[in-house]
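Trainee: Here it is, the structure, as structure tokens.
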Amino acid sequence: MAKLKTKYICQQCGYESPKWWGICPECKAGGSMVEEVYAPKEEARAKKGSSHIMQSISLKEVKGSKETRFSTMIGEFNRVLGGGVVKGSLVLIGGDPGIGKSTLLLQLARNISKEKKVLYVSGEESKDQIKLRAKRLFDEEMDVLVMAETSMEIIENEILSVMPDLVIIDSIQTMATAEITSLPGSVSQVRECTGRLMKIAKNNSISCFLVGHVTKEGAIAGPRVLEHLVDTVLYFEGERYNTYRMIRAVKNRFGSTNELGVFEMTDKGL
């Protein structure tokens, strides 16, 4: 068994250090360094000397899929994404609590499930709560797979078992893997869980939407960790008690940044 070691990680920017700092040397945040226990991955070092099997191929030999995007059936949302959801993409949606992120994603799940297989994973609500919200929003039944779980290992197995076209994770800060001892929402947990979801998405052409909580400063929690890993970053904005909402693309590898979509939010969704 590998010997356990400790390191200190800034919960604001993800900076790692073998010793504790009162002020993070990277982002200058005070009191943000948290001690975490980890086991060095000896097996990764052992593989260095192993025989290598060539896995790269010429780009002209790669056969791209004919259907590279699919519609959300919400015009403004399609435009912000650059024309629709890209297969195998990882999209992060951030916004203030109560702004309507879960409502928006449930409506996306309902629209897309009419033509595709959708898996909705919630770490904050039970299946009964999701059902109640769906009944309040829609008059028809939804053909969406739902799962109330926070264990990354169980979620991975479920995704690979059902092989959906779209996975929605609400929210990434509630997910945790048993391989890391830190609490859900820590930089290490968020980075590891997002990395594993990214690997599944890319290897199996499964599109994935992640909900991200927002800090007091208005940035997605662990911004440097999350925003560098995902393909697209969207901010859901607006006054909580106002009818209109805006969604803004601050990063999009498959379309333009700074695209802005405007929605009217009612008791029946968008």
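The values are calculated or read from the model by the stated rules, or taken from the named source; none is laboratory data. This structure is a prediction, so every number in the text was calculated from the model and none was measured. Glycine gets a Cβ as well: all are built from the backbone with ideal geometry, and neighbour counts include every protein chain shown. Side chains are part of the model used for accessible areas, which takes the heavy atoms of the whole protein and leaves out ligands, DNA and RNA. Shrake-Rupley method; radii C 1.70, N 1.55, O 1.52, S 1.80 Å.
Trainee: Being at pLDDT 85 or above and open to solvent by 50 Å² or more (accessible area, probe 1.4 Å) is the filter here; which residues of the stretch 196-232 pass it?
Mentor: Let us first name the residues in the stretch 196-232 that are at pLDDT 85 or above, namely 196-212, 229-232.
Passing the criteria: 198, 199, 202, 203, 204, 205.
Trainee: Would you confirm whether or not the stretch 84-104 contains a residue that is more than 30 Å from residue 256 (Cβ to Cβ), part of a strand (DSSP E or B) and modelled with pLDDT of 95 or more?
Mentor: Of all residues in the stretch 84-104, those more than 30 Å from residue 256 (Cβ to Cβ) come to none.
No.
Trainee: Let me ask something else about it. How many residues does the stretch 110-120 contain that are in contact with a helix residue (DSSP H, G or I) (Cβ under 9 Å, 6 or more places away or on another chain) and surrounded by 22 or more Cβ atoms within 10 Å (Cβ to Cβ)? Lay out the reasoning, then the answer.
Mentor: Within the stretch 110-120, the subset in contact with a helix residue (DSSP H, G or I) (Cβ under 9 Å, 6 or more places away or on another chain) is 110, 117-120.
With surrounded by 22 or more Cβ atoms within 10 Å (Cβ to Cβ) added as a condition, the list becomes 118-120.
Qualifying residue count, the stretch 110-120: 3.
Trainee: Taking the stretch 129-146, which residues are in contact with a strand residue (DSSP E or B) (Cβ under 9 Å, 6 or more places away or on another chain), surrounded by fewer than 18 Cβ atoms within 10 Å (Cβ to Cβ) and free of Cβ contacts under 8 Å to residues at least 60 places away in the same chain?
Mentor: 129, 131, 143, 145
Trainee: May I pose another question? Which one is nearest to residue 252 (Cα to Cα) among residues in the stretch 68-86 that are small (Gly, Ala, Ser) and open to solvent by 20 Å² or more (accessible area, probe 1.4 Å)?
Mentor: Keep residues of the stretch 68-86 that are small (Gly, Ala, Ser), which gives 71, 75, 82-84.
Those still in the list that are open to solvent by 20 Å² or more (accessible area, probe 1.4 Å) too: 71, 75, 82-83.
Numbers: 71: 16, 75: 17, 82: 8, 83: 12 Å.
Taking the candidates together, the pick is 82.
Trainee: Then there's this: Taking the stretch 88-109 only, how many residues are in contact with an Asp or Glu (Cβ under 9 Å, 6 or more places away or on another chain) and surrounded by fewer than 18 Cβ atoms within 10 Å (Cβ to Cβ)?
Mentor: Number satisfying all stated conditions: 1.
Trainee: Out of the residues in the stretch 239-265 meeting the condition of being at pLDDT below 80 and open to solvent by less than 70 Å² (accessible area, probe 1.4 Å), tell me which one is farthest from residue 188 (Cα to Cα).
Mentor: My answer is 243.
Trainee: For the stretch 157-195, enumerate the residues that are open to solvent by 20 Å² or more (accessible area, probe 1.4 Å), β-branched (Val, Ile, Thr) and assigned to a loop (DSSP other than H, G, I, E, B).
Mentor: Residues satisfying the conditions are 180, 181.
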